[in-house]
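A.B. asks: Take this structure, written in structure tokens, and hold onto it; I'll ask about it next.
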Amino acid sequence: MAGTGLLFALFVLAHMYGNLKLLVSEQAYNTYAEHLRTFGVPMLPNSGLLWILRAVLIVALIVHVYAAVTLWARASGARSVRYAVKKAVAQSASSKTMRWGGVFILVFLVWHLLEFTIVKIDVSGKGATGNNPYRLVVDSFQTPWLTLIYVLAMLALYMHLAHGVFSAQQTLGWTSSARTYRQAQIIGHVVAGIVVLGFLIPPLAILVGLVK
């Protein structure tokens, strides 16, 4: 779970970088999107790299969800008789919402892929198509309810990522002292903050009219 989690952290950082191309220009974003499809051609077929990345991420997602369900089941079955008094000692808000936050992120991910990759759903009704990725994204985030869902998803991602990056470091044995334990917590929040801030800037800039 730690390994796949770190893989996803690297992916969202790269995805965030691509999204920020929206702030440069329509041409910059569309060129970036086209380059992803043509990267490696002719050694790879058109969109070959994207399909390789998708396959790796799908396998990683299956492993990640399986590990999460397995750990959840182990935690639930670790003690047949519940404690009379249960105290949440040093349990952060992130860890408390880790499971259901993950479910929410998974549901959002399915919708996100349907909207921008698989089906290319035009929620704005302005007729945007996949032939112009920039226009599809901008028209979508000019729709307030969709932007609100996106913001909520990013808040869930922050909680999940902050605790996940910290937990991965702990699993890998990088928190052997009080100092490194605290450093791991800080790293988790910094990584999550950078990712979520980077993801939120483009849709909010679109919503308020700074990007059109």
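Readers should treat all values here as calculations from the given coordinates under stated rules, not as data from a laboratory. On a predicted model such as this, the values are computed, not experimentally measured, just so you know. Virtual Cβ from ideal backbone geometry, glycine too; neighbours counted across all protein chains shown.
A.B. asks: Taking every pair of Cα atoms in the range 89-212, average 1/r, invert it to obtain the Kirkwood radius, and report Rg/Rh to two decimals.
C.D. replies: For the range 89-212, the value is 1.09.
A.B. asks: Can you list the DSSP H helices in the chain whose Cα atoms extend at least 20 Å along the helix axis and whose mean Kyte-Doolittle hydropathy is 0.0 or higher?
C.D. replies: Numbers: long enough: 2-19 (25 Å, 1.24); 48-77 (44 Å, 1.68); 98-113 (22 Å, 1.61); 144-171 (39 Å, 1.01); 178-207 (43 Å, 1.30).
Going by DSSP H runs, the hits are 2-19, 48-77, 98-113, 144-171, 178-207.
A.B. asks: Moving on. When only C-alpha pairs under 8 Å and at least 6 residues apart count, what is the relative contact order of the chain, in percent?
C.D. replies: It rounds to 27 percent for the chain.
A.B. asks: Most exposed first by the Cβ proxy, i.e. fewest other Cβ within 10 Å, how do W145, W111 rank?
C.D. replies: W145, W111
A.B. asks: Given Cα positions, please report Rg to Rh for the range 2-207, the hydrodynamic radius being the Kirkwood one.
C.D. replies: When Rh is taken as the Kirkwood radius, the ratio is 1.02.
A.B. asks: Under the rule of -39500 (n - 2.57) per DSSP H run of 4 or more residues, summed and divided by the residues of the chain, what mean residue ellipticity at 222 nm is obtained, to the nearest 500 deg cm²/dmol?
C.D. replies: -23500 deg cm²/dmol
A.B. asks: Return a single number: how many Lys pairs in the chain, at a sequence separation of 8 or more or on separate chains, have alpha-carbon atoms below 21 angstrom apart.
C.D. replies: Here the count comes out as 6.
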